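Taking it in order: structure first as structure tokens, then the write-up.
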Amino acid sequence: MDKMDKIAIFPGSFDPYTKGHHDIVSRGLTIFDRIIIAIGHNSQKKRYFDIDRMEQNIRLAFEGEERVSIIVYNRLTAGLAREYDARYLLRGLRNTTDFEYENSISQVNKYLNQELETVFLITSPQFAAISSSIIREVHKYGGDITDFLPYPLD
Ligand code: ADP
């Protein structure tokens, strides 16, 4: 790793990681040297998809791409970024609801770590309607979700 490398963290719940997320990371690789996909683990919140299995699935989606790494974390994202020498947070924007939320967390992250810039990529239109919560709902009632995921579901 070079000291001048532009490292970004892509934090999220990824419950599950979708083609929408994958598109953001893939496009992020044209901007950053390395991207760390950080799966937030909150012991208070129950997940739908198993976190270790999701980590494996994301690994599978990026097989052979050495610039991407995947971690699970349960601390402040701003502190995590400092630990990994990451000066950028990567986030995706689909709509004004995302904007309202992202606006406030990026202000807080900036307050917690002044060296951190949040970089937003606007969703690609073909993925704009994909959300983890809708996918969970479809899966729960037996619908096929494989088209929305960049890895085979086991
Ligand atoms: P969080 O719980 O932190 O919002 P998510 O896993 O839901 O985590 O999302 C992580 C990031 O990916 C967020 O910035 C979210 O707006 C973005 N994102 C989610 N789905 C899409 C999509 N279909 N297109 C672009 N960005 C997306």
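The numbers here are math on the coordinates, done by the rules we state, and not lab data. From a predicted model like this one, the values you see are computed outputs, not experimental measurements. Glycine gets a Cβ as well: all are built from the backbone with ideal geometry, and neighbour counts include every protein chain shown.
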Sole residue being over 18 Å from P11 (Cβ atoms) and surrounded by 15 or more Cβ atoms within 10 Å (Cβ to Cβ), chosen from F148, F49, F62, F120: F148
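Conditions (1) of a type outside the set (V, I, T); (2) outside any helix (DSSP H, G or I); (3) over 21 Å from Y151 (Cα atoms), marked per residue:
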site: I39; (1), (2), (3): no, yes, no
site: K45; (1), (2), (3): yes, yes, yes
site: Q56; (1), (2), (3): yes, no, no
site: F99; (1), (2), (3): yes, no, yes
Filter result for E102 (in contact with a Lys or Arg (Cβ under 9 Å, 6 or more places away or on another chain) and on the phi < 0 side of the Ramachandran plot): yes
Failed item in (1) surrounded by 12 or more Cβ atoms within 10 Å (Cβ to Cβ); (2) touching a helix residue (DSSP H, G or I) at 6+ places or on another chain (Cβ under 9 Å), with Y111 passing the rest: (1)
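Tell me, please, whether a residue that is among the small types (G, A, S), away from the ligand (no atom under 11 Å from the Cβ) and free of Cβ contacts under 8 Å to residues at least 12 places away in the same chain can be found in region 116-139.
Looking for residues that are among the small types (G, A, S), away from the ligand (no atom under 11 Å from the Cβ) and free of Cβ contacts under 8 Å to residues at least 12 places away in the same chain, one finds none in region 116-139, hence no.
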Residue count for region 1-17, restricted to those that are near the ligand (Cβ under 6 Å from one of its atoms) and assigned to a loop (DSSP other than H, G, I, E, B): 2
Looking only at region 106-115, and only at residues there that are farther than 17 Å from I31 by Cβ and in contact with a strand residue (DSSP E or B) (Cβ under 8 Å, 6 or more places away or on another chain), the one that is nearest to the ligand (Cβ to nearest atom): N109
Inter-residue pairs, beta-carbon under 9 Å, first free of Cβ contacts under 8 Å to residues at least 60 places away in the same chain and in region 63-84, second among the hydrophobic types (A, V, I, L, M, F, W, C) and surrounded by fewer than 19 Cβ atoms within 10 Å (Cβ to Cβ), 6+ apart: E65/L29; R67/L29; V68/L29; V72/I51; L76/L112; A78/V108; A78/L112; G79/L112
Answer residue from region 68-81, given it is surrounded by fewer than 15 Cβ atoms within 10 Å (Cβ to Cβ) and not β-branched (V, I, T) and is nearest to P152 (Cα to Cα) among those: N74
Some residue of region 30-44 being within 15 Å of the ligand (Cβ to nearest atom) and without any contact (Cβ under 8 Å) to a residue 12 or more places away in the chain: yes
Conditions (1) part of a helix (DSSP H, G or I); (2) in contact with an Asp or Glu (Cβ under 9 Å, 6 or more places away or on another chain); (3) within 19 Å of I135 (Cβ to Cβ); number of the one not met by G92: (1)
The one condition in (1) part of a loop (DSSP other than H, G, I, E, B); (2) farther than 24 Å from L153 by Cα; (3) among the polar types (S, T, N, Q) that S106 fails to fulfil: (1)
